[in-house]
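Structure first, commentary second.
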Amino acid sequence: MDSAHTISTEGLTRRFGELVAVDNVNLRVAPGQFFGFLGPNGAGKSTTIKMLTGLLAPSSGRIEILGLDLVAHPVEVKRQIGVVPEGMALFGRLTGAEFLSFAGRMYGLDRETAAKRAAELLEFMQLAGEPKKLVTDYSHGMQKKLALAAAVIHGPKVLFLDEPFEGVDAIAAGTLKSMLQGMITRGATVFLTSHVLEIVERLCSHVAIIHQGKLVAQGSLEELRAGVEAQAPAATGDGATSGEKLTLEQIFLRIVGGTRRTEQELSWLG
Amino acid sequence: MLSRTNISVQRRGQLRAVASLRWRMFVNGLRTTRGKTELVSRVIVTLAFALGGFGGFAAAAGVAWWLVSEDKAQFLVALLWPIFFFWQVFPVMATAFTNNPDSSDLLRFPLTYRSYFVIRLAYGFFDPASALGSVGLFGVFLGISIARPSLSLWAFAVLTTFALFNLVLMQTVFAWVERWLAQRRTREILGVLFILFMLSFQLIGPMTQRFERRPSPQLKRAAEIAGQVQGVLPPGLTGDAIAQVAHGEYLVGSTSLLFLATLTVAIGYLLHLRLHRQFLGENLSEATARPAVAEVQSLRMGWNLRGFAPSVAAVFEKEMRYLGRSGPMLLTLIMPLFMLLIFRLGPMSTMRHSTLLHRAPDLAFPGAVAYALVVLTNLVYNSFGGDGAGVQFFYASPARFRQIVLGKNLTHAAILAADTILAWIAVSFFYGPPAPAISIATLAGLLFAAPLNFTAGNLLSIYAPKKRDFATFGRQNASQTTVLASLGVQLVTVGIGAAVFMIGRFYHNLWIATAVFLGLSVISMSLYVTVLGRMDDIAIERRETLIAELCRA
């Protein structure tokens, strides 16, 4: 294992009965990287992020976060990371301020600091205008912003986000992006999964692609592009023309071997 | 446009699909070990209920047979009132046993309102109270039919209408109470009504005692009026419809049945008002209007619990806020006071000198406290149920599970303490202040019973979790494993408690009971501390089950 990396895994594997959801994954994420973790539906992204954050036990393999073994030192690791899992992990019958204050104290902040940071975060996320509103009455985008606020209230060194931009409007997405960029500038590491490849391409410096549980590519965008072009320089029906830089979507499609169905097969549909 | 026949075919198809869905969910649930455990628990719980149901059935059949054979059919009402009370009160008293799945998820499909209504009623029919009530009524029917076969067809029609009335009323009560508890204003009105209700009972108590000491014509008159009033209520109408026909008064009997059917339709209409709103997509949540000018957010400090870690205080605060915002849960928690009222002034008060509490009023306080512990079942034995997806937050945070669980248990203990104080005050009003010896023995008993229940509850909360919405009332299933295990633990604790009290009463010295309880409390507290210490390991071991169950959409 490499202690120079913020996140590193070795032989990370997770089985559900006969299904190998994550198969011998060796991830390396350096400090300060904005890391995008991509894959088609059911590839193993959420399973991996759950294992990296202690929400799911690996069947085998090792996970090190900030040089600490996650299984041996779960509490020490959790103190230094923030998580927005699938489903957001909110408590619906609290107000935004109550939830953030609760989250801060669960991460070990004293009452005053938790209250101050909660107020600042609500202001930054533009959620401060309706202090009596319960989280359950928040819109989806507001809940995403609140979940992110709760994940950063203790100033984590590493942030794990599972589909942070899913169902979020352009304004809320802008707020989230500016906060994440700010964290990277200050030296934090962000690890996110997303289906929106344009956002990943714009935000992330490094990318890994998982397909059918196996890590099939890992590196900077340029490294991935070079690798794909070296393997299949000719256009393969994904819209790429020679001489143009491949987009992340084209790289992704070439790596996972996906094809789009263009013919109308469901003739009974309107 | 679809023709009437097509709609009818489509409706039948939908009802079959819902039945098939329930069956597939049941079968697919058996794929996991937990599902199989649930099945075994369900079988045991059903057998226990069936045993009770058979007892009720046999008693109802025997008494009905005797009454009709002896030409005393007018007293059948004495059987119908208890069945009516059981059917309506049991689901509220013991919400853990309520088995009434939420059907609102079906609204996304092109379901006709009629199908939705029928499905809600059908779900209600499988509730234990409905099943046992129906079995009791079947017993009454059988008793009448054996005693006088010529009456069986009529009795069947009347008792079926009565059963339908009970089924509709139970659903109506759930639907309307949920509606009233969902909004702050109606919740406050209900709260005020409850306080007025309690105060009025304080006045009724001394009045009835005065009448008891000095029988007067007014009391006889009041009893006559009460008899007439019960005669126009559903159990009275049912009994009257059968008795009148048994005595050859067909027209009067038919009129009673007509009244009963009219009442059923009227209550059904009230249910229709609620269900139709739900069918149209009603949302009862109280989101505040957007302020014209953004409100200034004041700095909000969390609660502090001296002597406890900040994470314990944070969980305690969160749990108390959840409870404060859950009308249905608050209603459940004040049920011990209702029970005291029922015992003191309900139907059992007509047997005032023969009931246990009137012969031994010193048992009222321990009884009320024991019941207070029982109504905490939903909270204590499924303490993560209300957290839903929030449980992931607990796993992602650095807080230890033993602290989280301790925070939750402190909430349970606080509620139990509040219920105990309220029960003491209520008992003082209804039966006179409990003697110091009984009060202290009860508190010592709590020191034994509460940690034992918390220990079992903490384990079951992790081993058999079930997602629940604190905002809905009577529309959620409890885990059958939890129901069975909690029933077992509570039988043991209440049994031990009763035995210890009996020993104290036998020797005319309740301080013996206090001493025994304190000795037992050392054991139960040690058990609690040991299990609490192991909570982190258990929670890690069970995290997948817990997250999968509680994060389910």
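Considering the conditions (1) of a type in the set (A, V, I, L, M, F, W, C); (2) under 16 Å from A:L192 (Cβ atoms); (3) assigned to a strand (DSSP E or B); (4) more than 8 Å from chain B (Cβ to nearest Cβ), A:I49 is excluded by exactly one of them, (3).
Which residue, of A:A172, A:A149, A:A103, is assigned to a helix (DSSP H, G or I), facing chain B (nearest Cβ under 9 Å) and touching a helix residue (DSSP H, G or I) at 6+ places or on another chain (Cβ under 8 Å)?
Details: A:A172 fails: facing chain B (nearest Cβ under 9 Å); A:A149 fails: facing chain B (nearest Cβ under 9 Å).
Among A:A172, A:A149, A:A103, only A:A103 is assigned to a helix (DSSP H, G or I), facing chain B (nearest Cβ under 9 Å) and touching a helix residue (DSSP H, G or I) at 6+ places or on another chain (Cβ under 8 Å).
The listed residues are B:S486, B:S479, and the only one of them that is of a type in the set (G, A, S), touching a residue at least 60 places away in the same chain (Cβ under 8 Å), touching a Lys or Arg at 6+ places or on another chain (Cβ under 7 Å) and under 29 Å from B:F126 (Cβ atoms) turns out to be B:S479.
Filter segment A:52-73 for residues that are more than 8 Å from chain B (Cβ to nearest Cβ), among the β-branched types (V, I, T) and under 16 Å from the mean Cα position of the chain (by Cα) and give the result.
We begin by selecting, within segment A:52-73, every residue more than 8 Å from chain B (Cβ to nearest Cβ); these are A:52, A:58-73.
Those still in the list that are among the β-branched types (V, I, T) too: A:63, A:65, A:71.
Within segment A:52-73, just A:I65 meets the criteria.
Among the residues of this structure, A:L127 does not count as one that is touching a helix residue (DSSP H, G or I) at 6+ places or on another chain (Cβ under 7 Å) and assigned to a helix (DSSP H, G or I).
Of note, A:F160 satisfies the criterion of being in contact with a Leu (Cβ under 9 Å, 6 or more places away or on another chain) and not in a helix (DSSP H, G or I).
Here is a list: B:V192, B:V229, B:V252. Which entry is modelled with pLDDT of 60 or more, within 30 Å of B:V140 (Cα to Cα) and loosely packed, with under 11 Cβ neighbours inside 10 Å? Even if it seems obvious, please write down each step before you answer.
Working: B:V192 fails: within 30 Å of B:V140 (Cα to Cα); B:V252 fails: loosely packed, with under 11 Cβ neighbours inside 10 Å.
B:V229 is the lone residue from the list that is modelled with pLDDT of 60 or more, within 30 Å of B:V140 (Cα to Cα) and loosely packed, with under 11 Cβ neighbours inside 10 Å.
Which residues, taken from segment A:175-195, are exposed (fewer than 15 other Cβ atoms within 10 Å of the Cβ) and not in a helix (DSSP H, G or I)? Steps first, answer last, please.
Let us first name the residues in segment A:175-195 that are exposed (fewer than 15 other Cβ atoms within 10 Å of the Cβ), namely A:178, A:181-182, A:185-187, A:195.
Selection gives A:R186, A:G187, A:H195.
For segment A:74-98, which residues satisfy the criterion of being within 22 Å of the chain's Cα centre (by Cα) and more than 7 Å from chain B (Cβ to nearest Cβ)? The answer is A:P74, A:E76, A:V77, A:Q80, A:I81, A:G82, A:V84, A:E86. For segment A:111-143, the set of residues classified as within 21 Å of B:A313 (Cα to Cα), surrounded by fewer than 23 Cβ atoms within 10 Å (Cβ to Cβ) and at the interface with another protein chain (Cβ under 7 Å from one of its Cβ atoms) consists of A:R111, A:E112, A:A115, A:K116, A:A119, listed by residue number. Being crowded, with 16+ Cβ neighbours inside 10 Å, in contact with an Asp or Glu (Cβ under 9 Å, 6 or more places away or on another chain), at the interface with chain B (Cβ under 8 Å from one of its Cβ atoms) and of a type in the set (D, E, K, R) is a condition met by no residue of segment A:10-33.
Assessment of segment B:391-398 against the conditions (out of contact with any Leu (no Cβ under 9 Å at 6 or more places or on another chain), within 14 Å of chain A (Cβ to nearest Cβ) and not in a helix (DSSP H, G or I)) yields at least one matching residue.
Checked against the criteria, B:G504 does not count as surrounded by fewer than 18 Cβ atoms within 10 Å (Cβ to Cβ) and in a helix (DSSP H, G or I).
The values are calculated or read from the model by the stated rules, or taken from the named source; none is laboratory data. Remember, it's a predicted structure, so these values are computed and weren't measured experimentally. Backbone-built Cβ (ideal geometry, glycine too); neighbour counts: all protein chains shown.
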